[in-house]
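Report on one structure; see the data block that follows.
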Amino acid sequence: MTAHADGSGTASDPWILTTPPGKSEFEAWRDEDSDPPALVVQVGTTQLRYRLRCVDDLHTMLKERGDWMPLGNADEQKPAAEDTVEGWGRSPANPVGGWYGLKKGLRGRFGIETRLVDERLTSVEAQRAARAGGLTARDSKRHVDPLAAKLILESFFNENA
């Protein structure tokens, strides 16, 4: 899997990302004009907003820490585990003195895992496999999407074996 996302990260040209299981797409973009500036994540009809500085602050904290830490994903209504990204993202000791999430009721889930998948690459790989299997370009069209999905899943399982 690749760490590439289509889009430029603006509201009119958002990044198109894929959920960790690879089953759904969602969009994200920078809203530098909002107060405070925000990282916007749109999942279906649900819109999450985080302080735009969250990524830089998290990067700085992890570098200073010198080590990784568990994500600790938790809803806002549930306590976050100590010494996790989620716990840090709502801690009074972080650089903003509390929640990075901006939308009350949806401020949690700061420590959620996200993987970027460039599906174009698996589609190309699937087309090559179909042709190598003897299918013509015309006949391979109906097989490309299912084969590409299989390749994405195999990649996920191989990485997590």
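Values quoted throughout were computed directly from the atomic coordinates according to the rules given, and no laboratory measurement underlies them. Treat the numbers as computed from the prediction; the structure is a model and nothing was measured. FYI the Cβ positions are ideal-geometry reconstructions off the backbone, even for glycines, and counts take in every protein chain you see.
Using a Förster radius of 30 Å, what is the FRET efficiency between Thr19 and Asp83 based on their Cβ-Cβ separation? Nearest 0.05, please.
0.75
Just in the stretch 34-96: which chymotrypsin sites (Phe, Trp or Tyr not before Pro) are loop by DSSP and have at most 10 other Cβ atoms within 10 Å?
Trp68
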Distance between the C-alpha centers of the stretch 18-68 and the stretch 70-92? Whole Å please. 15 Å
Could you put Phe110, Phe26 in order, starting from the residue whose Cβ has the fewest other Cβ atoms within 10 Å? Phe26, Phe110
With +1 on each Lys and Arg Cβ and -1 on each Asp and Glu Cβ, and nothing else charged, work out how big the dipole of the stretch 11-79 is about its Cα centre, in Debye to the nearest 20. 280 debye
12 Å beta-carbon shell around Thr46, net charge (K/R +1, D/E -1): +2
